[in-house]
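Input: a single structure, listed below in structure tokens.
The values are calculated or read from the model by the stated rules, or taken from the named source; none is laboratory data. What you see is a predicted model; the values in this text were computed from it and never measured. When we count neighbours, we look across all protein chains shown, and the Cβ atoms used for this are built from the backbone with ideal geometry, even at glycine.
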Amino acid sequence: MSEQTDPARPHRGTSGDRVSMAAVAGRAGVSGQTVSRVVNGSPRVDPATRERVERAMAELGYRPHRAARALRTGRSQTIGLVVTTLATVGNSRMLQATAEAAAERGYALTLVTAAAGVADAFERLAEQGVDGAIVLNEASALVPAAQRPLGLRLVVVDAPAEAGLVVVHSDHAGGAAAATRRLLDLGHRTVHHLAGPAESFAAAERERGWRETLRAADAEQPAVVRGDWSSEAGHAAGAALAGASAVFCANDQMALGLLRALADAGRRVPDDVAVIGFDDVPDAANYRPPLTTIRQDFEALAQRAVELLVGEIEGSAVAAASVVPASLVERASAR
């Protein structure tokens, strides 16, 4: 008696543990070549057919064989992510967002740290056969001087435009300008700035936006107080900023420390001192008082970085630079 196939059950390939491409083709009513084109991201499939094939894949539990696809396409469907640290809020959020954005496009993610230098990180990624890499934030400043393996495609996050590099960053200067204008509009004669590290592109851009906005308003430009992104640095800066009436902090973590320092000094926020941060970390709404801040869209930033890198990998034309908008979120710390 022959075995009857239940169309509602997943079809298994000859190995017994994988759904075959032929089974997907049969379920979708298309050729095996069409299924192959969908699996490999070919544009030569009309949207309705692609949707039918993808639905058949989901129904059958089909999973493309990554190694076999790499042999066919010459690509590993893996991208690298280079960081110097995951201790900062921005880097950890970018890791999560980048992993999700890569998965949406069928790419796996390999994380490497640049503890021994960016060139060493590039070499390790090349040995693992990645198709390209995204370099984050602090590591980005090291890219121009680093030798990279021939053919390694890169997208650099938070770096100035450089010849031969594809870069993407938040509108740090625009966000800083919006924060500074908001504080001036509240009637403050000037705005003090708790800045990030001098070597950071993001910190430099935020300082530039703050400085240019004060200059345009013909307002005094106070001396910058510099920190290292940590809440401890924000607290330590409290003594230097206790006499300010308005402070723009280069990130929310330093703003948190500053809020505590101001409270310790008997200065009320926002009655005595208005404070605005940058990033809009998930806890910012629960600071005391809730923090007015500039929202960085980490999801959009990661999506754009992955989009640009995949375009480089798959041979699409991509822009040399891309800027993701940042927006003001008003809460109780600046009124």
Checklist line | Leading residue by the ranking (surrounded by the fewest Cβ atoms within 10 Å (Cβ to Cβ)) among those in the range 170-215 that are in a loop (DSSP other than H, G, I, E, B) and touching a Lys or Arg at 6+ places or on another chain (Cβ under 8 Å) | finding: 198
Note to self: Under 7 Å between Cβ atoms, which residue pairs at least 6 apart in sequence (or on different chains) link something in the range 199-220 that is farther than 15 Å from residue 326 by Cβ with a partner that is part of a helix (DSSP H, G or I) and of a type in the set (D, E, K, R)?
What the structure shows: 200/138
Next item on the list: Give the residue that is nearest to the chain's Cα centre (by Cα), with candidates limited to residues of the range 99-153 that are in contact (Cβ under 8 Å) with a residue 60 or more places away in the chain and not in a helix (DSSP H, G or I).
Entry: 134
Next item on the list: Check 280, 272 and return the single one that is in contact (Cβ under 8 Å) with a residue 24 or more places away in the chain, within 26 Å of residue 187 (Cβ to Cβ), within 18 Å of the chain's Cα centre (by Cα) and assigned by TED's automatic domain parsing to the domain that holds residue 180.
Entry: 280
